[in-house]
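**Student:** Please see the structure below; I have some questions.
The numbers here are math on the coordinates, done by the rules we state, and not lab data. All values derive from a computational prediction rather than experimental measurement. Heads up, the Cβs are rebuilt from the backbone with ideal geometry, glycines too, and the neighbour counts pull from every protein chain shown.
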Amino acid sequence: MSPVLSEFERAIERGLFRVPECTECGAAVWPLSEFCSVCLGVVRLGPGYGDGSRRLRGRIVECSMEIPSGRFTGSSSSSVRRSFFCLVAFECGIRLIARLAAPVPPAPGDLVVLSSCGLSPEGSGYIFEVSTPDAPEDPASPTNM
Ligand SMILES: [Zn+2]
């Protein structure tokens, strides 16, 4: 595993999404790679998002499907909101599939913010969650592990 990848995974394990950036041209590099896909410059990790101190904003590109309730372990909260998988174009220039909990499906162009991230339980990838910025911040975050 490359140093930048292990550093990235250590951060996302703690719920921080550190955007990989090219040190030469400044492009956000995703999927994460040691070298920039544009200019082959060295990639470093930028500031982290996801702990609430900084907000990474994006817009819904498309909403693909609704996740059946009960599929996620540990989500036995009182919330009756539904979950959707969305393709989100973030302001830093990268696109991610993220989960959105909302009462109704989002529309393309809707503004969202990255609210949390982490490693998937199977260890096969990353989990990203977004929320709509209009909604009040959830004081009881369900991500206590
Ligand atoms: Zn570059």
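**Student:** Hey, fewest Cβ within 10 Å first, where do Tyr126, Tyr49 land in order?
**Tutor:** Fewest-to-most ranking of Tyr126, Tyr49: Tyr126, Tyr49.
**Student:** Once both labels are modelled 7 Å past Cα along the beta-carbon direction, what's the Arg59-Ser37 spacing in nm?
**Tutor:** Output for this residue pair reads 2.1 nm.
**Student:** Counting other beta carbons within 10 Å of each Cβ, put Asp110, Asp51 in order, fewest first.
**Tutor:** Lowest count first: Asp51, Asp110.
**Student:** Around Leu56, which amide H atoms from residues at least 5 apart in sequence, or from another chain, sit under 5 Å from its own amide H, with H modelled in the peptide plane?
**Tutor:** So Leu56 has HN proximity to Gly50, Leu114.
**Student:** Got a sec? How would Cys36, Cys117 order by Cβ neighbour count within 10 Å, fewest to most?
**Tutor:** Cys36, Cys117
**Student:** Work out the FRET efficiency for Ala89 and Glu7 from their Cβ-Cβ distance, taking R0 = 22 Å, and round it to the nearest 0.05.
**Tutor:** 0.30
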